[in-house]
Each structure stands twice: as structure tokens, then as C-alpha cells.
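The values are calculated or read from the model by the stated rules, or taken from the named source; none is laboratory data. In this text the structure is predicted, and so the values were computed from the model without any measurement. Cβ placement follows ideal geometry from the backbone for every residue including glycine, while neighbour counts extend to all protein chains displayed. Surface accessibility is based on the protein's heavy atoms, side chains included, excluding ligands, DNA and RNA. Shrake-Rupley method; radii C 1.70, N 1.55, O 1.52, S 1.80 Å.
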Amino acid sequence: ILTAHQPQYLPWLGLFHKIALSDEFCFFDIAQYRTKSFNRNQIKTPQGAVFLTVPVLTKGYQEKKFFQMQINNAIDWRKDHFKSLYVNYKKAPFFGRYIQFFDDLYKKDWQNFCDLTEYMLRWFLQDLKIEVAFSKASERNFEGSGSNLVLDMCKKAKAGIYIFGTLGKNYANVSEYEKAGVHPYFQDYSHPQYSQLWGEFLPYMSIADLLFNCGPKSLEVLMRGNITKEELKKLF
């Protein structure tokens with residue numbers, strides 16, 4: 001069971017569900033970079049949801065892959081992001097369990113966007129106890145574009161099932177996958193509710209919101225009401 005995703009800053013819960021269903025996760029750093037989608041995510045504040053955005057150097061981004069994107073450190077984003085997490089989650093039940101990771105993280109001199117997001121993702125997976133083989137597309141030799149590129153990845157990884165996100169239905173050539181012996185599965189993530197700070201529950205926050213609020217039960221919470229790996233295997 002294989003899945004993949006572009007490098008994402010402070011991912012939402014659905015990505016971790018997708019990875020938890022998989023045997024292998026491919027860090028898809030060869031995709032073309034897109035602005036205002038993968039370099040930011042939301043945290044919850046007393047004023048509602050607020051985006052934390054990593055500034056990147058976007059000159060010529062239309063011709064660049066994710067692994068080529070550099071961070072714009074002329075902006076003091078690390079100090080701002082740490083302060084935002086500290087101020088808005090210091091009253092959360094598991095603040096003390098996670099704040100040191102973020103303190104250490106934002107003291108590092110990050111230059112490359114993928115280096116930052118890979119480091120964070122690996123740490124989150126370890127903390128959540130999601131065991132998965134982790135590969136990087138930039139270290140493989142995948143060929144093609146769009147749906148064919150993903151299919152080539154499946155073939156070379158010898159995947160029997162590939163997990164798409166919900167939007168995969170818009171571009172996946174299902175018949176080609178089935179012809180190649182790969183079963184496409186389109187994730188339909190049901191967002192769980194959990195205890196949050198600052199009033200009414202807001203879905204689609206970063207994984208940081210779940211961790212600060214739910215701690216060691218975070219994996220159990222994000223899997224709640226959703227298909228499990230064992231159930232996915234039975235579908236095919």
C-alpha cells in the first residue's frame with residue numbers, strides 16, 4: 001500500500017490518516033511548486049483560525065520543483081511562528097510535551113523548504129507512532145507527468161494499492177491503474193472533533209493543534225470514524 005504527498009508545512013490531520021493506511025510513503029518533492037498551498041497551515045487562536053506561512057523565494061517558481069525551493073529568511077518567520085504557537089497553546093493540556101520540539105525547530109537555520117518539512121514530518125510520524133517506509137521522489141527515477149507519473153511510481157514501488165487524496169478523482173486514470181494491477185483508493189476523510197481551546201470546534205487545523213490538545217491519544221483521535229489499514233486491505 002503506497003501513498004505520496006507534496007512537502008507540506010504543519011500538515012492537517014488527513015495527511016497522517018493517509019500515511020497511517022500505508023506501507024510506504026513517498027515524500028513527493030519532485031512536483032512543481034505551487035504558491036499559497038503547501039507552505040502554510042492553520043492554528044487556532046481566540047480570534048479564530050490563523051495561517052502560519054513559511055516565506056519562500058518565489059522567483060521563477062513556475063519552473064521549479066519543490067526540492068529546489070528556498071526559504072526567504074529575510075523575514076523573521078521562525079520567531080513569529082514560535083511566538084504564535086507559544087501564546088495560543090500555552091494553556092493546552094499537552095503544551096509541555098511539545099513546545100520544546102518547536103523551540104528547537106525554530107532555532108535551526110532552515111534554508112531549503114523540503115529540508116524543513118521533511119524533518120517536521122518525520123518527527124510527527126515518530127511521535128504519533130505511525131510506522132511506515134519513508135522514501136523521497138527526488139532520490140528515485142520516476143517518469144511521466146500527472147496521473148502517469150503517479151502510476152510509474154506505483155509500478156517501481158511494486159504497489160498493489162495506491163491511496164489518492166480526495167481530489168485524485170479529478171485526474172487519476174483509473175482504468176490505466178487497474179490494467180497495471182494497481183488498485184486506486186480515494187481517501188474520504190471524516191474529520192473528528194476533539195477538545196480544543198478557544199470555544200467552538202474548528203476543523204482543518206494543523207497537526208500541532210491536535211498534538212497540543214490530545215497528546216498521546218492524537219493518533220487514536222485522527223483515525224476515529226475513518227477506514228483502518230486492515231479494512232482497506234479487505235476492500236481489494
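Observations, loosely collected:
- Single unsatisfied condition, PRO192 versus (1) part of a loop (DSSP other than H, G, I, E, B); (2) out of contact with any Phe, Trp or Tyr (no Cβ under 8 Å at 6 or more places or on another chain); (3) open to solvent by 40 Å² or more (accessible area, probe 1.4 Å): (3)
- Filtered residues of region 223-235 (kept if open to solvent by 10 Å² or more (accessible area, probe 1.4 Å) and either touching a residue at least 60 places away in the same chain (Cβ under 8 Å) or not in a helix (DSSP H, G or I) (or both)): MET223, ARG224, GLY225, ASN226, ILE227, THR228, LYS229, LYS233
- Residue ID - least open to solvent (accessible area, probe 1.4 Å), chosen from residues in region 119-159 that are at positive phi and modelled with pLDDT of 95 or more: LYS129
- Qualifying residue in region 106-116 (condition: more than 21 Å from the chain's Cα centre (by Cα) and either without any contact (Cβ under 8 Å) to a residue 24 or more places away in the chain or assigned to a loop (DSSP other than H, G, I, E, B) (or both)): yes
- Answer residue from region 164-187, given it is polar (S, T, N, Q) and in a loop (DSSP other than H, G, I, E, B) and is surrounded by the most Cβ atoms within 10 Å (Cβ to Cβ) among those: GLN187
- Residues located in region 18-48, provided they are touching a residue at least 24 places away in the same chain (Cβ under 8 Å), assigned to a loop (DSSP other than H, G, I, E, B) and either among the acidic types (Asp, Glu) or within 25 Å of LEU85 (Cα to Cα) (or both): ASP23, ASP29, THR35, PHE38, ASN39, PRO46
- The set of residues in region 167-185 being farther than 15 Å from CYS154 by Cα and in contact with a strand residue (DSSP E or B) (Cβ under 7 Å, 6 or more places away or on another chain) consists of LYS169 alone.
- Residue check, LYS79 at pLDDT below 95, open to solvent by 20 Å² or more (accessible area, probe 1.4 Å) and either assigned to a helix (DSSP H, G or I) or basic (Lys, Arg) (or both): no
- Count of region 195-222 residues, restricted to those that are under 21 Å from ILE163 (Cα atoms), open to solvent by 40 Å² or more (accessible area, probe 1.4 Å) and touching a residue at least 12 places away in the same chain (Cβ under 8 Å), is 2.
- Restricted to region 58-67, and to residues there that are open to solvent by 80 Å² or more (accessible area, probe 1.4 Å) and either modelled with pLDDT of 95 or more or in a loop (DSSP other than H, G, I, E, B) (or both), the residue that is nearest to LEU210 (Cα to Cα) is PHE67.
- Condition broken by LYS129, with the remaining ones in (1) under 18 Å from the mean Cα position of the chain (by Cα); (2) within 16 Å of HIS5 (Cα to Cα) satisfied: (2)
- Selection status of ALA31, at pLDDT below 95 and surrounded by fewer than 21 Cβ atoms within 10 Å (Cβ to Cβ): yes
- In region 84-99, the qualifying residues are those that are touching a residue at least 60 places away in the same chain (Cβ under 8 Å) and not in a helix (DSSP H, G or I), and the one that is most open to solvent (accessible area, probe 1.4 Å) is LYS91.
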